[in-house]
Amino acid sequence: MSRQWKPKHFILLLIAFFYSSPYANAQDLTIFFDIWPPYNYIESGKTVGISTELIETALKNTNIKYKLVQHPFKRAILTVETTPYTMVYTVARIPQREDAFTWIGPLHPRKVYLYKLKERTDIQIANVEDIKKYHTGALSGGSVEQFFIANGFHTSRYYLANSSEQLVRMLFAERIDLIPGDQLDIAFLINSMEYDYSRIEVAYLLDEEGGYYLAANKNTPHDTLEKLQKSLNKVLATGFKDEIIKKYVKQLK
């Protein structure tokens, strides 16, 4: 007895055809970012920043369609780890994350310092164990939090914040002793928040492992990721990045 052909069979056939055809790989990329000036942030309703401009310039030189979406960093990392066609920037490439993503970059070298107020002459750090004597700020889900966890810091010795601005305000109010950052983000933040940059100084070089990258879901098509990496390499080979840095950080006091 022959089976009767039903409309739902036709629909299932169309779905099967779509997922087996080249058009199945035409899905737009969703690229997440959190607020971390001057690398990625929103200004006057527009997504801007040094990393943003590098990535968007690289994407414009490909036929890859994408959308930028602001997302809290910890949530973005978890989403990208499990969801194809997603990426997140600017991400520290550290051992704890190495196998979870495909890495595109590097966008920037990585040197994370701990900063203190200059008048806090009581703060003296010679090694990682010395940091545990003080109260340090860190971004929730960031590489510094991962560093503290890996090095056995008790949670009472560090404070997790959702923004770098919050950490800067707490440092100048002397509610915490140390905050992490690199030269660019600390200079940009303190100048933009109208604090006196000359009041802070480096207390310790915390970490210089890896670099900052765009982290992609490992199940995103390889040709898409390869195309973006090659385009980014071409952008980085020019003087464009130096021009962008000067644009965002005009003066390091």
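As for the range 189-206, it holds at least one residue that is of a type outside the set (D, E, K, R), within 17 Å of the chain's Cα centre (by Cα) and either modelled with pLDDT of 95 or more or surrounded by 19 or more Cβ atoms within 10 Å (Cβ to Cβ) (or both). Per the conditions (1) within 28 Å of GLU129 (Cβ to Cβ); (2) surrounded by 13 or more Cβ atoms within 10 Å (Cβ to Cβ), the sole criterion not satisfied by LYS241 is (1).
Inside the range 214-234, residues that are buried (at least 17 other Cβ atoms within 10 Å of the Cβ) and farther than 26 Å from ARG75 by Cβ make up a count of 2.
Suppose we filter the range 45-89 for residues that are of a type in the set (D, E, K, R) and outside any helix (DSSP H, G or I); how many remain?
3
Among residues of the range 164-193 that are more than 15 Å from LYS111 (Cβ to Cβ), those with a beta-carbon under 7 Å from a residue that is surrounded by fewer than 16 Cβ atoms within 10 Å (Cβ to Cβ) and among the aliphatic types (A, V, I, L, M) at least six positions away or on a different chain give the pairs GLU165/MET193; VAL168/MET193.
Given the criteria out of contact with any helix residue (DSSP H, G or I) (no Cβ under 7 Å at 6 or more places or on another chain), of a type outside the set (Lys, Arg) and surrounded by fewer than 20 Cβ atoms within 10 Å (Cβ to Cβ), does GLU81 qualify? Before you say what the answer is, go through the steps one by one.
Working: out of contact with any helix residue (DSSP H, G or I) (no Cβ under 7 Å at 6 or more places or on another chain): no; of a type outside the set (Lys, Arg): yes; surrounded by fewer than 20 Cβ atoms within 10 Å (Cβ to Cβ): yes.
Judged against the criteria, GLU81 is not a match.
The single condition among (1) assigned by TED's automatic domain parsing to the domain that holds PHE172; (2) on the phi > 0 side of the Ramachandran plot that TYR85 does not satisfy is (1). Quick check on the range 125-147. Is at least one of its residues touching a residue at least 60 places away in the same chain (Cβ under 8 Å) and part of a strand (DSSP E or B)? The answer is yes; a qualifying residue exists.
For (1) among the polar types (S, T, N, Q); (2) at pLDDT 95 or above; (3) farther than 17 Å from ASP207 by Cβ, each residue gets a yes or a no:
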site	(1), (2), (3)
TYR115	no, yes, no
THR136	yes, yes, no
ASN151	yes, no, no
SER164	yes, no, no
PHE172	no, yes, yes
ASP177	no, yes, yes
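Within the range 15-32, does at least one residue satisfy the condition of being modelled with pLDDT of 95 or more, assigned by TED's automatic domain parsing to the domain that holds PHE73 and either aromatic (Phe, Trp, Tyr) or over 30 Å from GLN70 (Cβ atoms) (or both)? Checked the range 15-32: at least one residue is modelled with pLDDT of 95 or more, assigned by TED's automatic domain parsing to the domain that holds PHE73 and either aromatic (Phe, Trp, Tyr) or over 30 Å from GLN70 (Cβ atoms) (or both).
I'm checking my understanding of the structure. Among residues of the range 28-65 that are of a type in the set (Ser, Thr, Tyr) and farther than 16 Å from ASP182 by Cβ, which one is surrounded by the fewest Cβ atoms within 10 Å (Cβ to Cβ)?
The first filter runs over the range 28-65 and keeps only residues of a type in the set (Ser, Thr, Tyr), leaving 30, 39, 41, 44, 47, 51-52, 57, 62.
Now restrict to residues that are farther than 16 Å from ASP182 by Cβ: 30, 44, 47, 52, 57, 62.
Numbers: THR30: 20, SER44: 5, THR47: 16, THR52: 22, THR57: 18, THR62: 14.
The qualifying residue surrounded by the fewest Cβ atoms within 10 Å (Cβ to Cβ) is SER44.
Taking the range 173-188 as the search range and keeping residues that are over 16 Å from the mean Cα position of the chain (by Cα) and buried (at least 17 other Cβ atoms within 10 Å of the Cβ), which one is nearest to ALA92 (Cα to Cα)? Ranking the qualifying residues of the range 173-188, first place goes to ILE179.
Taking the conditions exactly as written (among the acidic types (Asp, Glu), free of Cβ contacts under 8 Å to residues at least 12 places away in the same chain and either out of contact with any Gly (no Cβ under 6 Å at 6 or more places or on another chain) or closer than 19 Å to THR52 by Cα (or both)), does ASP196 satisfy them or not? In short, yes. Figure legend. Inter-residue proximity from the range 67-78: first residues in the same structural domain as GLU43 (by TED's automatic domain parsing), second residues in a helix (DSSP H, G or I) and β-branched (Val, Ile, Thr), beta-carbon distance below 9 Å, spacing 6+ or different chains. Indicated pairs: LEU68/THR52; LEU68/ILE55; HIS71/THR79.
The values are calculated or read from the model by the stated rules, or taken from the named source; none is laboratory data. Keep in mind that what you see is a predicted model, and the values were worked out from it rather than measured. All Cβ positions, glycine included, derive from the backbone under ideal geometry; neighbour counts span all protein chains shown.
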